[in-house]
Amino acid sequence: MHLVPAQSRPAQEWSSGAEVELPGLLMPIAGPVDLRELQALQQLMSAQRLGLQPTRMLYDRLYAFERLAAAHASADESLRELALELFQRYQSAGEWIGLVH
């Protein structure tokens with residue numbers, strides 16, 4: 001639930017009148033990057049023999065941080081630039097990686 005902002009979480013009112021939050025799994029995943037960008041990152045990383053699971057980058061902060069760090073440390077300049085751009089976009093969205101709970 002820490003990945004979904006509190007104001008975006010759906011609530012359910014039970015017969016007792018108590019309001020209970022529903023699991024965040026009911027919410028679509030949305031972030032500052034889209035899957036096409038992550039697939040481009042995957043292609044560039046693959047050319048450097050670095051693995052990447054694009055969909056995991058949408059929900060696993062620690063994994064995303066580690067993969068972006070590996071991409072940024074690569075010898076490929078375009079890969080480093082894309083990794084930095086994505087990292088900065090996550091950071092500017094305020095939902096990011098340095099905030100591991």
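Read the figures in this text as sums done on the coordinates, not as results from a lab. This is a predicted model, so every value here is computed, not measured. FYI the Cβ positions are ideal-geometry reconstructions off the backbone, even for glycines, and counts take in every protein chain you see.
Tabulated results
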item: Note, ³J(HN,Hα) from phi for segment 74-89, Karplus 6.51, -1.76, 1.60, rounded to Hz, x at Gly and Pro; result: 6, 7, 7, 5, 5, 5, 4, 5, 5, 4, 5, 4, 5, 4, 5, 5
item: Around R67: net Lys/Arg minus Asp/Glu count, Cβ-Cβ under 10 Å; result: -1
item: Cα-based shape type of segment 46-92, given that a ≥ b ≥ c are square roots of the gyration tensor eigenvalues and the cut on a/c is 1.5; result: oblate
